[in-house]
1. Please give, to one decimal in nm, the separation of the simple spin-label points placed at residue 39 and residue 78, each 7 Å out from Cα toward the Cβ.
2. Pairs of Cα atoms under 8 Å, at least six residues apart: use those to get the relative contact order of the chain, whole percent.
3. On C-alpha positions alone, give me the angle between the axis of helix 15-29 and the longest principal axis of the chain, in degrees, nearest 10.
4. For the stretch 38-55, take each phi angle, set θ = phi - 60°, evaluate the Karplus expression 6.51 cos²θ - 1.76 cosθ + 1.60, and give the result in whole Hz per residue in order, putting x for glycine and proline.
5. Residues with amide H under 5 Å of residue 68's amide H, sequence separation 5 or more or different chain, H placed in the peptide plane at 1.01 Å from N; which?
6. Provide the gained length on full extension for the span residue 50 to residue 90, in nm with one decimal, where the gain is 0.36 nm per separating residue minus the Cα-Cα distance.
7. Go ahead and set up a Gaussian network model of the chain, Cα springs under 10 Å, then flag whichever of 75, 51, 94 fluctuates most.
8. What label, among [x] 13.0; [y] 6.3; [z] 8.5, belongs to mean projected area of the Cα convex hull in nm² computed from the structure on display?
Amino acid sequence: MASSNTASISFPYPPDQLHRASYDTLIEICAPASVIANVPTVTGRTAISWKTFGEDIFLQVSTGQQGSALTITSKSMLPTQVIDFGAHRRNVAKIVDALQRRLGPGQMLAPLD
């Protein structure tokens with residue numbers, strides 16, 4: 001029940017390949033028109049539901065020790081939203097799962113909160 005959730009994961013791929021995979025993953029999860037790719041970040045917005053007013057999702061790609069690292073953050077669109085009913089955790093988990101299906105297993109650097 002937080003206003004955001006963050007996790008980090010690394011993959012043995014160059015940053016440009018991870019950036020492209022991150023963009024493709026957000027297209028699947030968010031409204032495609034809301035997804036914006038600006039190296040090294042990819043941002044998207046989820047739809048409004050009966051549980052939340054939607055979430056902003058930020059993916060930040062950086063160079064890691066053995067390839068690239070990705071920091072995933074899901075944050076409430078409205079700063080006044082206090083309860084998220086687990087939406088942020090689910091968003092981050094969906095992105096991690098989708099990327100691992102696309103790229104193979106990655107190494108969690110900072111686990112889900």
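Please treat every number below as a calculation from the coordinates, not as lab data. The shown structure was predicted, so the numbers you read here are calculated from the model rather than taken from an experiment. Don't worry about glycine lacking a Cβ; one is built from the backbone with ideal geometry, like all the others, and counts go over all protein chains shown.
1. 3.9 nm
2. 39 percent
3. 30 degrees
4. Per residue, the Karplus-derived 3J(HN,Hα) values read 10, 3, x, 10, 9, 10, x, 9, 7, 6, 6, 10, 6, 8, 9, 8, x, 10 Hz.
5. 11, 13
6. Gain on stretching residue 50 to residue 90: 12.9 nm.
7. Of the options given, 51 has the highest mean-square fluctuation.
8. Only one listed value fits the structure, namely [y].
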